[in-house]
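The values are calculated or read from the model by the stated rules, or taken from the named source; none is laboratory data. Keep in mind the model is a prediction, meaning the values are calculated, not measured. Backbone-built Cβ (ideal geometry, glycine too); neighbour counts: all protein chains shown. Keep in mind that these areas ignore ligands, DNA and RNA; they rest on the heavy atoms of the full protein, side chains included. Shrake-Rupley method; radii C 1.70, N 1.55, O 1.52, S 1.80 Å.
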Amino acid sequence: ATIVPLVSRMNNLILEIIPPRPDLEKLKKDLVGRKIAEGANGYRKKDWYWEIKSTTELKNVDIKNTSNNGEDYVLDVYLILQGENTDYNANVKIYYVLRQYDDWTIDMIETQHKYHDVDIEFARTVLNKIKHRLETEDLNPEESFQLTRTYNAIMEKYMQYVNDSINQNAIMERYMQYVNDSINQNAIINKKHKVPQ
């Protein structure tokens, strides 16, 4: 009867010493003031980055996966950042560390460079929004020029997403066919030459 209260007290002491791992709300607050770099495959200039100034810019924050890397706590996160003319999406890897056992703090943010169906869908949505603005709004020449340039850059990236996705699917299909052929060949060999167990 005396062990249960002791265990409970020990657990409470552990929670007091080690703070809980960051949840979605803490992540959103911690991202304010951080810079999200453009990926190597991006269409913006090399040193471009998006500095998050407010949680209102975080249109979507989706924690896809969490893991441990040594003493670091690592989050795979999909972000949609809301801008004035267009949104920006990024797959990032966020590394949290404990600073002198005080609280979990973001140590590093890595922009990931992977092609997903969500990238294709997002690019298509942005293209449609820009096209709608160009066709329906009374834009001045500078606005029209900037939007057209953005549209062309995103269209180029969109086509790269689509082509890479097609190529990746084709490679995966060939790989699976190779695996299936290997399995079938091994089964035939084992049947012909009954391998002793």
> Based on what the data block shows, is Glu51 open to solvent by 60 Å² or more (accessible area, probe 1.4 Å) and under 18 Å from the mean Cα position of the chain (by Cα)?
Replying inline: yes
> Can you find even one residue in segment 138-158 that is in a helix (DSSP H, G or I), surrounded by 14 or more Cβ atoms within 10 Å (Cβ to Cβ) and modelled with pLDDT under 60?
Replying inline: no
>> Report every pair of residues separated by at least 6 positions or lying on different chains whose Cβ atoms are under 6 Å apart, first residue within segment 120-149 and without any contact (Cβ under 8 Å) to a residue 24 or more places away in the chain, second assigned to a helix (DSSP H, G or I) and of a type outside the set (Lys, Arg).
In response: Leu134/Leu147
